[in-house]
Protein chains: 2
Amino acid sequence: MFDSGIGGLTVVRALRELVPEEDIVYLGDTARLPYGTKSAEVVGRFALEDAEFLLEQGVRLVVVACHSASSVALAELERHCPVPVVGVIEPGARAVVAATRSRRVAVIGTALTIAAGAYERAIRAAAEDVRVVAKATPLFVPLAEEGWLENEVAEAAARRYLEGLAGGGIDALLLGCTHFPLLSGVISRVVGKGVAVVDSSAETARAVAELLGEMGPGGRGFKGSRRTAGGASQGRCRFYLTDLAPGFRSVAERFLGSGLEDVARATVGG
Amino acid sequence: MFDSGIGGLTVVRALRELVPEEDIVYLGDTARLPYGTKSAEVVGRFALEDAEFLLEQGVRLVVVACHSASSVALAELERHCPVPVVGVIEPGARAVVAATRSRRVAVIGTALTIAAGAYERAIRAAAEDVRVVAKATPLFVPLAEEGWLENEVAEAAARRYLEGLAGGGIDALLLGCTHFPLLSGVISRVVGKGVAVVDSSAETARAVAELLGEMGPGGRGFKGSRRTAGGASQGRCRFYLTDLAPGFRSVAERFLGSGLEDVARATVGG
């Protein structure tokens, strides 16, 4: 799995609960984050370099845990990778379509994800009759990283971004960024009980677990894995980051929901 | 002048008012922003590449308008560049020392700037008796970019970051990030009238103008400049960005305080 930073750890967290026996290698491109403010061209190039790093580790499936990369580079990644590639757009889109009765949903994400319109396309592909309101909510990213999840700043930002959205018959809201599950409490409160909040990290983990089930046990595992093929032992998680900035650990552990043990610095894309 | 992004445009804005006849070439490394979350090693490498780009344009002075780069890479840049190099740390440090009577000041900035401790060192070098409280206020960056300068989110964030600071006899606060001048209204209100707010962008522009005055008129100008040596004509501004993301223009113009005309995409550091 790769992401532009540590947001994808919310997908790792969900995936470990579903398939604890799987080995996971995670690449966070922290030296070049965030992808969400960059052009599609640059994000596409970075994503290919990230996937290449994972393929060199012998992974049997690539999860694109970055919404920006999933929204602009998934087709190119699929052409490039000899293993299945799962993005974070489609699982969330299918889940929010399943959650709505009013057939009106909202999607929130970073500026690039929203501008790229990938969610509108994916939701329309899943159900033509569903109307989508898409809104960029960029401040939710630093709020999650700062750990301001329930305070008055998070509350004020959520109100400003979401209060207008809750009207118009919307009954489901998709969190279109891996950082946003940390803020799901305040988001749910602001949009109210009548709106189902769909977590794209959890939905992506579910899609990955299903695909792994279809692929069957075993596979190559990554280099140096101690996992025996088909065994039910606890899978190993390795975390590679392209930069280890001061204070990264506490933020990463907040996203992962547990201690970050096997961490190394990696160089990606020269 | 270079910066990790468009924050340095607040320095350009101040500099144009002081020396309108000077040509300015600005490089914003938007493809690799932010520097504030990256390690000193990575920031140092990026800064050298940025300076190299400017030197190729024939500049006669390099302004490091990025606090993160100024705090960790200034000495290396000075060794590397055959022209004078001005950072954003020292001018602000000297100004805040001049502004305090209680000899207790506060500095706010990004996580890396604060962790690097460059302001404490610069203030101590300027006046040994001044005590410094340094605090990272990372959310001010996306607030400035979002244009949330005076609303209830900016207000709540400023209160949470700054209310504790205002005690302890502090009578001067240094804005140690080029994004923060946009929030100076709400920051001034929260810290109260008894605390002088010192703007490092304006102070840096003043230091650059002084140095240019000492260097005398003329100089090489950058490639293709129409400026005549020693002439009093209006200087030309060229803006290079390493990535042109959707919506960058409106944000950049908010920082610059005027229209952004001569903009081109640049490639820096392979």
* Asked: Any chance region A:147-165 includes a residue that's free of Cβ contacts under 8 Å to residues at least 40 places away in the same chain and touching a strand residue (DSSP E or B) at 6+ places or on another chain (Cβ under 7 Å)?
  -> no
* To do: Can you give me the number of residues within region A:245-265 that are within 13 Å of chain B (Cβ to nearest Cβ) and surrounded by 17 or more Cβ atoms within 10 Å (Cβ to Cβ)?
  => 4
* **B:Val153, sole failed condition from (1) more than 13 Å from chain A (Cβ to nearest Cβ); (2) assigned to a helix (DSSP H, G or I); (3) at pLDDT 95 or above** => (1)
* May I ask you to list the residues in region B:198-212 that are out of contact with any strand residue (DSSP E or B) (no Cβ under 9 Å at 6 or more places or on another chain), surrounded by fewer than 20 Cβ atoms within 10 Å (Cβ to Cβ) and in contact (Cβ under 8 Å) with a residue 60 or more places away in the chain? => B:Arg206, B:Ala209
* Quickly run through region B:104-120 and pick out the residues that are in a loop (DSSP other than H, G, I, E, B) and within 20 Å of B:Ile187 (Cα to Cα). => B:Thr110
* To do: Please specify each residue of region B:27-75 satisfying the condition of being farther than 24 Å from B:Glu203 by Cβ, among the charged types (D, E, K, R) and buried (at least 18 other Cβ atoms within 10 Å of the Cβ).
  => B:Arg32, B:Lys38
* Residue in region A:121-150 that is nearest to the other protein chains (Cβ to nearest Cβ), counting only those that are assigned to a helix (DSSP H, G or I) and within 21 Å of A:Ala95 (Cβ to Cβ) -> A:Phe140
* Structure fact -> Filtering region A:12-59 down to residues that are of a type in the set (D, E, K, R) and within 14 Å of another protein chain (Cβ to nearest Cβ) yields A:Asp29, A:Arg32, A:Lys38, A:Glu41, A:Arg45, A:Glu49
* To do: Would you mention how many residues in region B:164-182 are at pLDDT 95 or above and under 20 Å from the mean Cα position of the chain (by Cα)?
  => 7
* **Residue in region B:80-100 that is over 27 Å from B:Arg16 (Cα atoms), charged (D, E, K, R) and touching a helix residue (DSSP H, G or I) at 6+ places or on another chain (Cβ under 8 Å) present** => no
* Asked: How about region B:156-183: which of its residues are within 13 Å of another protein chain (Cβ to nearest Cβ) and more than 27 Å from B:Lys38 (Cα to Cα)?
  -> B:Glu163
* Structure fact -> Every listed condition ((1) touching a Leu at 6+ places or on another chain (Cβ under 9 Å); (2) away from chain A (no Cβ under 14 Å)) holds for B:Val72 save (2)
* Structure fact -> Among (1) surrounded by fewer than 24 Cβ atoms within 10 Å (Cβ to Cβ); (2) closer than 20 Å to B:Ile24 by Cβ; (3) among the acidic types (Asp, Glu), B:Glu78 falls short only on (2)
* Residue list for region A:37-61, restricted to those being aliphatic (A, V, I, L, M) and either within 18 Å of A:Ala75 (Cα to Cα) or outside the structural domain of A:Arg79 (by TED's automatic domain parsing) (or both) -> A:Ala40, A:Val42, A:Val43, A:Ala47, A:Leu48, A:Ala51, A:Leu54, A:Leu55, A:Leu61
* Considering each of B:Ala172, B:Ala207, B:Ala196, B:Ala156 in turn, give the residue that is in the same structural domain as B:Ala14 (by TED's automatic domain parsing) and of a type in the set (A, V, I, L, M, F, W, C). => B:Ala207
* Yes/no for A:Ala252 being at pLDDT 95 or above, among the small types (Gly, Ala, Ser) and assigned by TED's automatic domain parsing to the domain that holds A:Val83 -> no
* To do: Go through A:Tyr161, A:Tyr119 for me and flag whichever is of a type in the set (Phe, Trp, Tyr), within 23 Å of B:Phe248 (Cβ to Cβ) and either surrounded by fewer than 16 Cβ atoms within 10 Å (Cβ to Cβ) or over 17 Å from the mean Cα position of the chain (by Cα) (or both).
  => A:Tyr161
* Condition test on A:Ala144, is it closer than 27 Å to B:Pro246 by Cα and modelled with pLDDT of 90 or more? -> yes
* Looking at A:Ser102, is it modelled with pLDDT under 90 and over 18 Å from the mean Cα position of the chain (by Cα)? -> no
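The values are calculated or read from the model by the stated rules, or taken from the named source; none is laboratory data. Predicted, not measured: the structure shown is a model, and the values here were computed from it. In this analysis, Cβ positions are derived from the backbone assuming ideal geometry, glycine residues included, and neighbour counts consider all displayed protein chains.
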